Amino acid sequence: KSFEGVIVSGNIPSFYYGNQHDYCISGDCLYRMSADFADKLSPLMSLHSDYDGAIQFQIGRKNLSEFYYTILPELRKFAEIIEYDSDEIENYLPPEVSFKFYLDVDEGRPECRIGTWYGVTGVAIFDLLDKSSVIQDFRDAHREREVLDFVMRYFPKFRKAEERFLGSDDEDVMYDIMETAVPRLTELGEVVCTDRFQSIQVRRHLKISVGVSVENDLLNLQILTDDLTSGELLEILRSYKQNKKYHRLKSGEFVDESIEELSNMYDALHISPKEFVKGKIQLPAYRAFYLDKMLEKSQEIVAKRDSHFKQIIRSMKTVSESDFDVPESLSQTMRGYQQFGHKWLRTVGSSGFGGILADDMGLGKTLQMISVLLAEKQEGNTDTSLIVCPASLVFNWAAEFEKFAPELSYLIIVGTQKERAELIKQYRDYDVVITSYDLIKRDITHYEDCSFGYQVLDEAQYIKNHTTAAAKSVKLISAKHRFALTGTPIENRLSELWSIFDYLMPGLLYGYDTFKDEFETPIVKHSDESATKKLRRMTSVFILRRLKKDVLRDLPDKLEENYVVRFDEKQRHIYDAKVLELRQLLQGANAAEFQTIKLKVFSYLTQIRQICCDPGLLLSDYDGGSVKRDACMEIIQRAIEGEHRVLIFSQFTTMLEKLEQDLTKAGIAYYKIIGETSKKKRMELVESFNSSDTPVFLISLKAGGTGLNLTGADVVVHYDPWWNVAAQNQATDRAHRIGQTRAVTVYKLIAKDTIEEKIQKMQEKKQNLADSVLTGDFVNLASLSKDELMSILT
């Protein structure tokens, strides 16, 4: 009538059982059992007696079936089972219970019938619902109760006359039955479904393919499905957008497959779901690369690419293998990375796109572009090209054409407005037309009937503000190919990159408002890595960026050093007083007032920086000294003694005048370039400096930041730090560039415990933003908040 056992504590995990024999299982095994399993086991056992540290128990025949078929298999997971008298035990064991579930749908309501058998003996499981029912001893009531409870969780209403359990006609309930209940029922027993029930499925694999092709410089995109209409696919996409866990088709089927990649695709391409599924969609060809990257990553979409599409993608991935060789006359002049740049420019252009050659300063962007124009001429292209550059570089471009491509004829647009208009009319007689940003905005009406082969913007950061007349003007020019040359595509704001691409390929980065919402604000304000990666994927193929340290292994080192000086008591007193004035101004202003006093704040900041340079810049009656001025002269003296030559940059021309006085007094020869220095005079001074032994060149930062090759110097002094470190780097690269044979030492004069130290820290902090998109360094002075300004002044 019962079977006995003993649980003992020991090192050997074993469990003995049998009629008239001891059962035992180690305490270690019991300890490892789950709480749920222990709860199942304990009601079946009747503790009998203790002996020798063991617990003897009994299992009645009523519980034997559950123990043998349910508990014992679980015990085998924890212990070795040694069984005695198994034949005798089987004489007392009833058959194991089995279940069969019959599923159907009637008028939209799911229903279930449960068949319960012990061998060939059937029982009515619903008897468990009637407390007055007598349950036979051989039945595994515990197992039956578990099954019944599970079924009634999804089919809660029972009709005894029909022996059916009914569920709700609610769609969510039906989905849960298909998604959760049916898989579990197949584990509990056999499941039999009617055709009506089988028609309600949960589809996990939508067969979606994307066909892409290129025709007439347009990208054709078509979404294809084997067994769904465009309307059904549209509804599925809308359900996904509403974060629904499934979509139910008219056939009754549920679709719960994630179509995130398909949704992301039409979001990124800025296509409405309705347009996306209606048939062929035409997009600008420049979307090909971004689309290809999305399709490469997709695991749920099959891509069908035509040969033209594949060729465009392949050409950009294998630029070095292209047939666009540099002209023979330049093959010995151009370095390997420059020849790759030539191939890249021509590959991008031949595919019908535009691009940014964003090489580091001094890596020869001008030469690479000239090589492209020369190759085009040699291959029979008679189109005239247009170069737009800063006024200071117009004659520099002319000199570069004469040096590297004398075969190309060029026309410089200069003179009065009338003279320029006449020159523009002659543009077809030349291979290249060269003009400046300042003049093109004045002459734009005269270019209305002009059409160019290549339009090239040098120092393209000049159109960083898309609202300026210069930016609007260059975008009106008709040209087959557009390129931008700049070492700093981003100087202060991410919108500068948008403006350049708006010139190259309008629409690539959408309209500015959209760009601001999707990229600029998330990246700048929230450091959104997802938006950063998306922007990089959309633009990287159209940007070629090489740094000197990566491509010029033979370029001498650039050694940078912060040269920190400390005020004397008099200069400190003047500095502190001015800082206090500004702090009081800021503290008394609320948010709205702060916006109205920004110009006044910036004026104060300029005065504070002038005091750091030399209080005499601000106070005409100042009779004290300037520690930075003294330090600068010390650097110059040491440099001359070591036979070095020095470039000195400052934002303030009045500071350069004071340094002139010091140099004259010390008998040291120098040259000077400021904004008022004519273009012709600048070139003469640069040539004289590089060919002479004059030791010092004084240069205002903005006047000397671009277009000057000053490799005759190997020491650079930044007298006063500027908010925009990219401008400082450009100035440094006047000396640290191709042609330099000596290591370049860069000194940044910093006044201790002043705003200058804070500027340095801000440069280091903010530079990561540009680096995350491409490379570069910038701090946006205009966007500084009141709190940031207060921090700077602390």
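The values are calculated or read from the model by the stated rules, or taken from the named source; none is laboratory data. Given the structure is predicted, the values throughout are model-derived calculations rather than measurements. Note that we place each Cβ from the backbone using ideal geometry, even for glycine, and neighbour counts take in every protein chain shown. Remember, those area values only see protein heavy atoms, side chains included, never the ligands or the DNA or RNA. Shrake-Rupley method; radii C 1.70, N 1.55, O 1.52, S 1.80 Å.
Can you tell me which residue among LYS558, LYS570, LYS578 is in contact (Cβ under 8 Å) with a residue 12 or more places away in the chain and under 25 Å from THR741 (Cβ atoms)?
Every option except LYS558 fails the conditions.
Could you list, in sequence order, all residues of the range 516-531 that are modelled with pLDDT under 90 and of a type in the set (Val, Ile, Thr)?
ILE523, VAL524
Can you confirm whether TYR175 is farther than 23 Å from LEU129 by Cβ and either in contact (Cβ under 8 Å) with a residue 24 or more places away in the chain or open to solvent by less than 70 Å² (accessible area, probe 1.4 Å) (or both)?
Details: farther than 23 Å from LEU129 by Cβ: yes; either in contact (Cβ under 8 Å) with a residue 24 or more places away in the chain or open to solvent by less than 70 Å² (accessible area, probe 1.4 Å) (or both): yes.
Yes; evaluated as a whole, the condition is true for this residue.
Assess whether GLU634 counts as being in a loop (DSSP other than H, G, I, E, B) and within 30 Å of ALA713 (Cα to Cα).
Here the answer is no, as GLU634 does not meet what is asked.
Please verify whether the range 113-121 includes one or more residues that are buried (at least 18 other Cβ atoms within 10 Å of the Cβ), at pLDDT 90 or above and of a type in the set (S, T, N, Q).
yes
Could you tell me how many of the residues in the range 731-744 are surrounded by fewer than 21 Cβ atoms within 10 Å (Cβ to Cβ) and not hydrophobic (A, V, I, L, M, F, W, C)?
Total satisfying the criteria: 3.
Taking only the range 463-488 into account, find how many residues are open to solvent by 10 Å² or more (accessible area, probe 1.4 Å) and in contact with a strand residue (DSSP E or B) (Cβ under 8 Å, 6 or more places away or on another chain).
Summing the residues that are open to solvent by 10 Å² or more (accessible area, probe 1.4 Å) and in contact with a strand residue (DSSP E or B) (Cβ under 8 Å, 6 or more places away or on another chain) in the range 463-488 gives 5.
Which residues, taken from the range 405-446, are hydroxyl-bearing (Ser, Thr, Tyr) and within 16 Å of CYS389 (Cα to Cα)? I'd like the intermediate steps shown before the answer.
Pass one, the range 405-446, residues hydroxyl-bearing (Ser, Thr, Tyr): 409-410, 416, 427, 430, 435-437, 445.
Scanning the range 405-446 gives TYR410, THR435, SER436, TYR437.
Please determine whether any residue of the range 584-596 is loosely packed, with under 15 Cβ neighbours inside 10 Å and outside any helix (DSSP H, G or I).
Yes, the range 584-596 contains a residue that is loosely packed, with under 15 Cβ neighbours inside 10 Å and outside any helix (DSSP H, G or I).
Find the helices (runs of 4 or more DSSP H) located wholly in the range 362-454 whose residues include 2 or more that are within 22 Å of HIS466 (Cβ to Cβ) and among the aliphatic types (A, V, I, L, M), and list them.
Helices (runs of 4 or more DSSP H) meeting the threshold: 437-443.
Does ASP513 meet the test of being more than 27 Å from MET316 (Cβ to Cβ), modelled with pLDDT of 90 or more, assigned to a helix (DSSP H, G or I) and open to solvent by 20 Å² or more (accessible area, probe 1.4 Å)?
Yes; evaluated as a whole, the condition is true for this residue.
I need a count of the residues in the range 511-539 that are of a type outside the set (D, E, K, R) and more than 17 Å from the chain's Cα centre (by Cα).
2
Tell me, yes or no, whether the range 88-95 has at least one residue that is exposed (fewer than 15 other Cβ atoms within 10 Å of the Cβ) and either of a type in the set (D, E, K, R) or within 60 Å of the chain's Cα centre (by Cα) (or both).
Within the range 88-95 (the criterion being exposed (fewer than 15 other Cβ atoms within 10 Å of the Cβ) and either of a type in the set (D, E, K, R) or within 60 Å of the chain's Cα centre (by Cα) (or both)), the answer is yes, since at least one residue qualifies.
Name the residue, out of ARG143, ARG109, that is buried (at least 18 other Cβ atoms within 10 Å of the Cβ), out of contact with any Cys (no Cβ under 7 Å at 6 or more places or on another chain) and either under 30 Å from GLN201 (Cα atoms) or of a type in the set (D, E, K, R) (or both). Break it down into steps so the answer makes sense when it comes.
Values: ARG109 fails: buried (at least 18 other Cβ atoms within 10 Å of the Cβ).
That would be ARG143, the only listed residue that is buried (at least 18 other Cβ atoms within 10 Å of the Cβ), out of contact with any Cys (no Cβ under 7 Å at 6 or more places or on another chain) and either under 30 Å from GLN201 (Cα atoms) or of a type in the set (D, E, K, R) (or both).
I want to confirm something. Restricting to the range 524-542 and keeping residues that are over 22 Å from LEU291 (Cβ atoms) and assigned to a helix (DSSP H, G or I), which single residue is least open to solvent (accessible area, probe 1.4 Å)?
It comes out as VAL524.
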